[in-house]
Amino acid sequence: MSALLSISQLSVAYGGIQAVRDLSLEVAPGEMVCLIGANGAGKTTTLKAISGLIAPQAGSVHFDGQALTRLPAHEVARRGLTLVPEGRGVFPRMSVVENLMMGAYTRRDRATIARDLDQVYALLPRLTERRAQLAGLLSGGEQQMLALGRAMMARPRLLLLDEPSMGLAPLMVQAVFDIIRQIAAGDVAVLLVEQNAHLALKTCARGYVLENGVVTLSGMSADLSANPAVRQAYLGE
Amino acid sequence: MDIFLQQLINGLVLGSVYALVALGYTMVYGILELINFAHGEITMMGAMVSLAVIGALALAAPGLPGVLVLGAGLAVAIPVCMALGLLIERVAYRPLRHAPRLAPLITAIGVSIILQNIAMLIWGKQYIPFPAILPQGRHEILGASISDTQIAILVLAVLIMMTLILVVQKTRLGRAMRATAQSRQVASLMGVDVNRVIASTFVIGSALAAVAGVMVSAYYGLAHYYMGFLLGLKAFSAAVLGGIGNLGGAMLGGLLLGLIESFGAGYIGDLTGGFLGSHYQDVFAFFVLIAVLVFRPSGLLGARVVERA
Ligand SMILES: Nc1ncnc2c1ncn2[C@@H]1O[C@H](COP(=O)(O)OP(=O)(O)OP(=O)(O)O)[C@@H](O)[C@H]1O
Ligand SMILES: [Mg+2]
């Protein structure tokens with residue numbers, strides 16, 4: 001099967017600091033892939049470069065056969081690739097519904113938007129009760145759900161998730177990952193960035209390990225989980 | 001004549017003009033955290049351009065109804081100011097988007113000076129009179145008097161402000177503006193072309209400024225290349241009074257400032273036993289600005305919302 005997302009030899013630098021070097025990665029349609037690594041490994045940087053928030057130094061990003069490299073973020077978003085940023089990035093002074101509708105900003109199909117909104121509420125009942133509330137007043141877990149729901153409203157073909165478990169209690173992490181799996185079951189491909197390697201490898205079929213901006217290992221999650229180096233560095237054994 | 005009611009009417013009329021200008025400051029601040037000090041000069045340009053058109057038309061076709069002539073002046077001044085706002089954003093502010101905050105502030109002051117000088121070169125240093133083309137009717141209510149011009153200013157200002165609220169609350173552009181104000185980066189991830197939204201904010205603010213400029217010159221009967229300075233400073237004070245970045249705040253702050261000025265000018269003579277006269281009117285705005293900055297820096301309606309994120 002040809003890849004939905006295909007990154008080749010991507011390098012990103014901040015001024016003189018090389019954050020990501022020669023990174024190559026693929027995600028097939030509907031596939032769940034994780035990118036794991038320690039703090040500062042370059043995970044967020046990679047997602048930002050894919051989604052057009054920062055311009056890469058070198059390398060290319062192709063989505064569905066089209067080059068995304070150097071497109072601004074709003075153009076990338078319009079092509080069906082949605083990033084849920086680190087820290088959720090809900091609009092704090094907008095209500096829950098308004099946040100969800102921002103997800104559908106580029107869409108014009110009113111009828112299907114309304115149907116998708118109902119679907120999001122069905123999947124995220126906590127949001128239904130709070131639809132008129134300001135997003136800034138939601139709990140961290142609720143904000144993460146809102147960010148996921150908002151991403152769904154864009155009807156993406158690829159979802160980029162940056163540490164959705166960050167700062168959440170274990171039960172809430174479970175709930176959030178259940179939702180992610182349900183979204184993926186609807187034929188949405190997922191590229192998941194996580195520090196919680198155990199959870200990421202359990203959720204995704206394949207994974208990449210990033211160390212100091214370089215991919216050092218990649219393969220099926222089962223193989224990575226069995227790899228002694230991964231077990232020692234990321235699974236706490 | 002009822003002095004109190006008269007001051008109330010004068011204050012509301014003046015205040016609605018301040019509010020229109022204050023909205024431009026507050027919209028730009030809300031989205032960029034930038035104080036566009038050139039905004040007062042855009043108001044001045046609106047007044048000057050419309051007066052140029054009105055003056056030319058009044059000469060060329062003396063028979064035309066005044067309202068039509070005024071409409072023509074507005075119809076030219078509004079797009080000119082919109083283009084000016086667009087140009088200023090593109091040339092003076094966008095290249096400095098990631099520069100330290102002092103840089104665009106200094107640029108803003110530079111742009112003001114440039115606009116003043118352009119206006120001075122085109123129209124000279126003298127006061128330009130507003131031709132007597134408008135109906136001069138006055139109406140008595142409860143012992144106070146209100147002119148046709150005042151009624152027109154009030155009605156138009158209220159209509160414009162209601163339209164603006166609708167646009168910001170209900171339209172796609174309005175939602176994109178609010179999203180951009182809260183997080184430029186996340187808005188762009190939603191597919192919002194942030195540069196376009198920022199440009200639109202300048203354009204809308206400049207259109208309001210153009211109308212306000214025409215109102216001021218019609219109200220006082222004259223325009224001047226330097227008029228934007230004081231007007232801009234007052235409107236900025238009004239925006240700070242209401243809570244800069246907050247649309248409702250700019251409207252409230254504008255109206256309050258108009259009332260403070262009008263009542264202050266009306267009663268200052270009595271209060272100081274004739275020591276200070278009504279020509280101290282212009283000072284009140286700055287007392288208000290200082291008092292707000294000291295006692296409630298976020299303004300009357302600023303920082304209402306507790307933010308968790
Ligand atoms: N805006 C920036 N300016 C300069 N350096 C940056 C910037 N953002 C990130 N970096 C650096 O780039 C490297 C990679 O950062 P990145 O945020 O991609 O890491 P990460 O893997 O997402 O880490 P974490 O798990 O802590 O979120 C780090 O060394 C970081 O200090
Ligand atoms: Mg990160």
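Looking at A:V33, A:V12 in this structure, which one is more than 12 Å from ligand 2 (Cβ to nearest atom), part of a strand (DSSP E or B), closer than 19 Å to A:V230 by Cβ and at pLDDT 95 or above?
Only one candidate qualifies: A:V33.
With the range A:109-163 as the region, which helices (runs of 4 or more DSSP H) entirely inside it contain at least 2 residues that are more than 14 Å from chain B (Cβ to nearest Cβ) and out of contact with any helix residue (DSSP H, G or I) (no Cβ under 9 Å at 6 or more places or on another chain)? Reasoning before the result, please.
On the way: elements: A:110-123, A:125-129, A:140-152.
Passing ranges, in order: A:110-123, A:125-129.
For a quick check of your reading of the model, give me the residue pairs whose first member lies in the range A:33-44 and is within 14 Å of chain B (Cβ to nearest Cβ), whose second is assigned to a strand (DSSP E or B) and within 9 Å of ligand 2 (Cβ to nearest atom), with beta-carbon atoms closer than 9 Å and at least 6 apart or on different chains.
Note: pairs meeting the criteria are A:T44/A:D162; A:T44/A:V193.
Which of the residues belonging to the range A:73-97 are surrounded by fewer than 21 Cβ atoms within 10 Å (Cβ to Cβ) and more than 7 Å from every other protein chain (Cβ to nearest Cβ)?
Within the range A:73-97, A:E75, A:R79, A:G80, A:E86, A:G87, A:S95, A:V97 qualify.
Examine the range A:58-67 for a residue that is at pLDDT 95 or above and within 16 Å of ligand 2 (Cβ to nearest atom), and state whether such a residue exists.
Looking for residues that are at pLDDT 95 or above and within 16 Å of ligand 2 (Cβ to nearest atom), one finds none in the range A:58-67, hence no.
Among the listed residues B:S237, B:S217, B:S200, which satisfies the condition of being in contact (Cβ under 8 Å) with a residue 12 or more places away in the chain, hydroxyl-bearing (S, T, Y) and under 17 Å from B:L87 (Cβ atoms)?
B:S200
Could you check how many residues of the range A:18-43 are within 11 Å of ligand 1 (Cβ to nearest atom), buried (at least 16 other Cβ atoms within 10 Å of the Cβ) and under 14 Å from A:A197 (Cα atoms)?
5
Is it fair to say B:A47 is free of Cβ contacts under 8 Å to residues at least 12 places away in the same chain and farther than 30 Å from B:T180 by Cα?
Numbers: free of Cβ contacts under 8 Å to residues at least 12 places away in the same chain: no; farther than 30 Å from B:T180 by Cα: yes.
Criteria not met by B:A47.
Scanning the range A:48-57 for residues that are crowded, with 21+ Cβ neighbours inside 10 Å and within 16 Å of ligand 2 (Cβ to nearest atom), which turns out farthest from the other protein chains (Cβ to nearest Cβ)?
A:A49
Test of understanding: among B:I118, B:I133, B:I141, which residue is at pLDDT 90 or above and not hydroxyl-bearing (S, T, Y)?
Details: B:I133 fails: at pLDDT 90 or above; B:I141 fails: at pLDDT 90 or above.
Of B:I118, B:I133, B:I141, the one residue that is at pLDDT 90 or above and not hydroxyl-bearing (S, T, Y) is B:I118.
For every residue, the table says whether it meets (1) in contact with a Gly (Cβ under 9 Å, 6 or more places away or on another chain); (2) farther than 25 Å from B:G253 by Cα; (3) crowded, with 18+ Cβ neighbours inside 10 Å.
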site	(1), (2), (3)
B:A99	no, yes, no
B:L102	no, yes, no
B:L121	no, yes, no
B:G124	no, yes, no
B:I153	no, no, yes
B:L166	yes, no, no
B:V192	no, yes, yes
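Can you pull out the residues in the range A:52-79 that are more than 13 Å from ligand 1 (Cβ to nearest atom) and in contact with a strand residue (DSSP E or B) (Cβ under 7 Å, 6 or more places away or on another chain)?
The answer is A:A58, A:G59, A:S60, A:V61, A:H62, A:F63, A:A67, A:L68, A:T69, A:R79.
Among the residues of the range A:7-17, how many are near ligand 1 (Cβ under 8 Å from one of its atoms) and at positive phi?
1
The values are calculated or read from the model by the stated rules, or taken from the named source; none is laboratory data. Only a predicted model underlies this, so the values are computations on that prediction, with no experimental measurement involved. Every residue, glycine among them, receives a Cβ derived from its backbone with ideal geometry; neighbour counts consider all protein chains shown.
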